[in-house]
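*Asks:* Dropping the structure in here first, questions after.
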Amino acid sequence: MIQMHSLLLIFVCFSTNKTIERYQKRQKDIHGISSKGEDMQDDVKEDAHSLAKKIESLEDSKRKLLGHGLEPCSIDDLLLLEKQLERSLSRIRARK
């Protein structure tokens, strides 16, 4: 009877240790997943910010090409814009 009780105690301790180890492993896995998710979220925020800047720049460029908001432009900016428009017109004429 005592031997059976000892075996049962050993089994329970072994089983409990295994359960604790599994729990600790899962906690590490969950923490790893959580930190990866946060890193990915930061990357997405950076990409969104970068894309917003690009969109703003493209919209500004479009306004200038359409002739709006040219007052603050320098002479050099206006000359570059003129060359860009001339190149675009020549490409369009070449297609036709």
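The values are calculated or read from the model by the stated rules, or taken from the named source; none is laboratory data. Keep in mind that this is a model prediction, so the values were computed, not measured. Positions of Cβ are backbone-derived with ideal geometry, glycine not excepted, and every protein chain shown enters the neighbour counts. Calculation scope for accessible area: heavy atoms of the full protein, side chains included, ligands and nucleic acids excluded. Shrake-Rupley method; radii C 1.70, N 1.55, O 1.52, S 1.80 Å.
*Asks:* Out of the residues in the stretch 73-82 meeting the condition of being surrounded by 10 or more Cβ atoms within 10 Å (Cβ to Cβ) and not aliphatic (A, V, I, L, M), tell me which one is modelled with the lowest pLDDT.
*Replies:* Of the stretch 73-82, the ones surrounded by 10 or more Cβ atoms within 10 Å (Cβ to Cβ) are 73, 77-82.
Checking which are not aliphatic (A, V, I, L, M) leaves us with 73, 77, 82.
Numbers: Cys73: 85, Asp77: 89, Glu82: 90.
Ranking the qualifying residues of the stretch 73-82, first place goes to Cys73.
*Asks:* I would also like to ask the following. Restricting to the stretch 39-67, what's the tally of residues that are open to solvent by 100 Å² or more (accessible area, probe 1.4 Å) and modelled with pLDDT under 85?
*Replies:* Result for the stretch 39-67: 2.
*Asks:* Looking at the structure I just gave you, is Ser15 at pLDDT 85 or above and hydroxyl-bearing (Ser, Thr, Tyr)?
*Replies:* no
*Asks:* Moving on to the next point. Residue check: is Leu70 surrounded by 10 or more Cβ atoms within 10 Å (Cβ to Cβ), outside any helix (DSSP H, G or I) and not acidic (Asp, Glu)?
*Replies:* Spelling it out, Leu70 is indeed surrounded by 10 or more Cβ atoms within 10 Å (Cβ to Cβ), outside any helix (DSSP H, G or I) and not acidic (Asp, Glu).
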